[in-house]
Amino acid sequence: MILSLSCKIINVKRRLLLLLIPLFCFSAVDGPQLDEKNTNAIIKSSYVYNFCKLVSWPDSRKDSNFIIGVLGDPDLYKQLISKYSSKLIGNQPIEIVQLLGTEQMPELHVLFVSRNMVNVMPSIQTKMVKAHTLVISEHPDGIKHGATLNFVVIDNQLKFEIGETNAVNHDLTIGSTLKSLANKVIK
Amino acid sequence: MMTRVAITILSLLMVVMAIGQGNVLPQTGKAARLYEQRDYQEAKTLIDNCVAAEGKEDAYTWHVRGHIYKEIYKNIEGTDKKQAPEREIAIHSFLKCLDLDAENKFLEWNKTSLRFLSSTYWNDAVTIMENQQKEELPLAEELFTKYLRTMEASGNTSELEQRKLDFYKAFATANRKQVERMRSANADPTEYEVELARVIESHKKALKINADVYGSNYNYAINLYNEAAYRIENIPLEADLTRLILDQQGCIAIFEEALPIAKKAEELKPGRIEILKALRAIYLGLNNYDEFDRYNDLVRDRQGEQIIQKKSEKALNRDIFKNRLDVD
């Protein structure tokens, strides 16, 4: 008797079974969206701004706007514009210019040459021979090609090396903080 | 209405069953009758006394207790219901009955009740995740753990792996949404580190169950990438070089963690544009220009193919339309 009653009870109970709420709201379409950013350009822009603060230019270059030229790498240019164009280096307002080539170059405090523009480095070296311009490159032979600062990648991290002779040639003084944090100081 | 009818039938059957059992303890019989009369509070007092004394080792007493507490739990209203102890007492009672019921007289009935109660844990957990109440999210995981424990204890284990997978994926999503909300408010990563840790932990658990699910790998990699990219984007403008170097190191570690997961996703579904874009972004984060260029080319090729495909489809549709006109 107990058994037959149990069976009846089970049938009733089956009707009482609770349905599990499906997880439709967490389906594949609800996945995270890639928020793609040029992280490399963001970090480089922060480096460049710090370089500007930790290098000294001759007095003759301290009474105008502080001009940073970017050759190649439009994302770096955009980052510099959006983040640092309203900042000062000392008392000098920062001005950022995007350069399309090396033919007509204004008088620059800083010139960044992107990795895909490395072929113009020799002509830059010739043009900038007497200029008080901090040339920043991102090529393994950047220092050899006349850059004072060169981005290198070590263990996936963006670091920099200093070409001390090139700094002297352009009458630039590299601060001790910058030297101490450099991956390498090349004489 | 159907539920009420069913409960009435159930109550009657339980009393009949009690009478049918020659050796029903008097207190248990009384509690079962009170249950039938829906006087659950009085039934509860009686049955609690009974299990503390002569009914301690009696399967039927524990069974009746399970039903009494189950009904009390079902009648609870409001937000406290999710944490009501009555549900746990009901489960404990049914499990105790399973232990004592050597002849398996109540086996199926116990299992059905346990399945019902464990389902309420699942549903509560899902409701919390859907409601996106940040403070309640830990409770969702707690309830899910109780769901698992109850299902396992009652031997209902057939779908559990799939349930675990579904839950961890959903829990990752629910926490990720909290993280995204905080990021949109420009929060510092320390403000959402708990939620982010849950996202990562949930992805890890999901992958442990099945490492070959494309979505799990892809979502995990994207969550990691987005976090590192957000941190980089939020490096203060005036951060000095030391801070910049340290922040960069932290983010590189996250990109490095994301890379093998994204590569696994690519291995599972090669050529999908979204994973190609993710890998492009991760390699740029890792300052690996060669791989960045390679994936950038692959993305462009894929985008080109898609444009050509769309154009072909349009042209095909035009031709079909033109042919129809010609026929007409």
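The values are calculated or read from the model by the stated rules, or taken from the named source; none is laboratory data. Since we're looking at a predicted model, the values are computed, not measured. Note that each Cβ is placed from the backbone with ideal geometry, even for glycine, and that neighbours are counted across all protein chains shown. Keep in mind that these areas ignore ligands, DNA and RNA; they rest on the heavy atoms of the full protein, side chains included. Shrake-Rupley method; radii C 1.70, N 1.55, O 1.52, S 1.80 Å.
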Matching residues in segment B:124-138 (open to solvent by less than 20 Å² (accessible area, probe 1.4 Å) and within 18 Å of residue B:73 (Cα to Cα)) number 1
Out of the residues in segment A:32-74 meeting the condition of being in a helix (DSSP H, G or I) and more than 10 Å from chain B (Cβ to nearest Cβ), tell me which one is surrounded by the fewest Cβ atoms within 10 Å (Cβ to Cβ). A:59
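From the list A:105, A:117, A:121, pick out the single residue that is open to solvent by 20 Å² or more (accessible area, probe 1.4 Å) and assigned to a helix (DSSP H, G or I). Walk me through it before giving the result.
Details: A:105 fails: assigned to a helix (DSSP H, G or I); A:121 fails: open to solvent by 20 Å² or more (accessible area, probe 1.4 Å).
Of the residues listed, the single one that is open to solvent by 20 Å² or more (accessible area, probe 1.4 Å) and assigned to a helix (DSSP H, G or I) is A:117.
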Under 17 Å from residue B:287 (Cα atoms) and of a type in the set (Gly, Ala, Ser): which single residue out of A:137, A:180, A:123, A:176 fits that description? A:137
Has segment B:160-169 got at least one residue that is open to solvent by less than 10 Å² (accessible area, probe 1.4 Å), of a type outside the set (Lys, Arg) and facing chain A (nearest Cβ under 9 Å)? yes
Look at residue B:310 and say whether it is open to solvent by 40 Å² or more (accessible area, probe 1.4 Å) and either at pLDDT 95 or above or within 11 Å of another protein chain (Cβ to nearest Cβ) (or both). no
For residue A:177, state whether it is surrounded by 14 or more Cβ atoms within 10 Å (Cβ to Cβ), assigned to a loop (DSSP other than H, G, I, E, B) and polar (S, T, N, Q). no
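Among the candidates A:105, A:121, A:117, which residue alone is modelled with pLDDT under 95 and either on the phi > 0 side of the Ramachandran plot or within 14 Å of chain B (Cβ to nearest Cβ) (or both)? Don't jump to the end; show me each part of the working.
Details: A:105 fails: either on the phi > 0 side of the Ramachandran plot or within 14 Å of chain B (Cβ to nearest Cβ) (or both); A:121 fails: either on the phi > 0 side of the Ramachandran plot or within 14 Å of chain B (Cβ to nearest Cβ) (or both).
Step by step, each of A:105, A:121, A:117 is checked, and only A:117 is modelled with pLDDT under 95 and either on the phi > 0 side of the Ramachandran plot or within 14 Å of chain B (Cβ to nearest Cβ) (or both).
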Kindly provide the set of residues from segment B:229-247 that are out of contact with any Asp or Glu (no Cβ under 8 Å at 6 or more places or on another chain) and either closer than 17 Å to residue A:160 by Cβ or at the interface with chain A (Cβ under 7 Å from one of its Cβ atoms) (or both), ordered by number. B:233, B:237, B:240, B:241, B:242, B:243, B:244, B:245, B:246, B:247
With the checklist (1) more than 9 Å from chain A (Cβ to nearest Cβ); (2) assigned to a helix (DSSP H, G or I); (3) open to solvent by 30 Å² or more (accessible area, probe 1.4 Å); (4) not charged (D, E, K, R) in hand, flag the one item residue B:270 doesn't pass. (2)
So, in segment A:79-97, how many residues would count as being modelled with pLDDT under 95 and part of a strand (DSSP E or B)? 0
Flagged in segment B:227-249 as part of a helix (DSSP H, G or I) and either touching a Cys at 6+ places or on another chain (Cβ under 9 Å) or in contact (Cβ under 8 Å) with a residue 24 or more places away in the chain (or both), in numbering order, are B:227, B:228, B:229, B:230, B:231, B:232
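Taking the condition buried (at least 18 other Cβ atoms within 10 Å of the Cβ) and at pLDDT 85 or above, does residue B:10 pass? Outline the logic, then answer.
Details: buried (at least 18 other Cβ atoms within 10 Å of the Cβ): yes; at pLDDT 85 or above: no.
Considered against the rule, which asks whether it is buried (at least 18 other Cβ atoms within 10 Å of the Cβ) and at pLDDT 85 or above, residue B:10 comes out as no.
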Would you confirm, using the coordinates I've provided, whether residue B:220 is within 16 Å of residue A:153 (Cβ to Cβ) and of a type in the set (Ser, Thr, Tyr)? no
Of the residues in segment B:88-140, those that are of a type in the set (Ser, Thr, Tyr) and within 14 Å of chain A (Cβ to nearest Cβ) come to B:112, B:113, B:118, B:119, B:120, B:121, B:127
Counted residues, segment A:75-94 - those being more than 10 Å from every other protein chain (Cβ to nearest Cβ) and aromatic (Phe, Trp, Tyr): 1
So for segment B:191-204 (the condition being farther than 26 Å from residue B:261 by Cβ and either open to solvent by 10 Å² or more (accessible area, probe 1.4 Å) or within 13 Å of chain A (Cβ to nearest Cβ) (or both)), does at least one residue qualify? no
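Would you pick out the residues in segment B:139-159 that are hydrophobic (A, V, I, L, M, F, W, C) and surrounded by 16 or more Cβ atoms within 10 Å (Cβ to Cβ)?
Here is the first cut: in segment B:139-159, the ones hydrophobic (A, V, I, L, M, F, W, C) are B:139-140, B:143-144, B:148, B:151, B:153.
Result: B:140, B:143, B:144, B:148, B:151, B:153.
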Taking the conditions exactly as written (outside any loop (DSSP other than H, G, I, E, B), within 14 Å of chain A (Cβ to nearest Cβ), modelled with pLDDT of 95 or more and farther than 19 Å from residue B:147 by Cα), does residue B:63 satisfy them or not? yes
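Quick check on this structure: which one of B:252, B:261, B:282, B:275 is β-branched (Val, Ile, Thr), crowded, with 19+ Cβ neighbours inside 10 Å, in contact with a strand residue (DSSP E or B) (Cβ under 8 Å, 6 or more places away or on another chain) and touching a residue at least 12 places away in the same chain (Cβ under 8 Å)? Steps first, answer last, please.
Numbers: B:261 fails: in contact with a strand residue (DSSP E or B) (Cβ under 8 Å, 6 or more places away or on another chain); B:282 fails: in contact with a strand residue (DSSP E or B) (Cβ under 8 Å, 6 or more places away or on another chain); B:275 fails: in contact with a strand residue (DSSP E or B) (Cβ under 8 Å, 6 or more places away or on another chain).
Answer to the selection: B:252.
So which helices (runs of 4 or more DSSP H) stay within segment B:80-176 end to end and still have 2 or more residues that are within 17 Å of the chain's Cα centre (by Cα) and touching a residue at least 60 places away in the same chain (Cβ under 8 Å)?
Working: elements: B:85-100, B:107-131, B:137-153.
Once the helices (runs of 4 or more DSSP H) in segment B:80-176 are filtered for at least 2 residues that are within 17 Å of the chain's Cα centre (by Cα) and touching a residue at least 60 places away in the same chain (Cβ under 8 Å), what remains is B:137-153.
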Take residue A:152 and tell me if it is assigned to a strand (DSSP E or B) and in contact with a strand residue (DSSP E or B) (Cβ under 9 Å, 6 or more places away or on another chain). yes
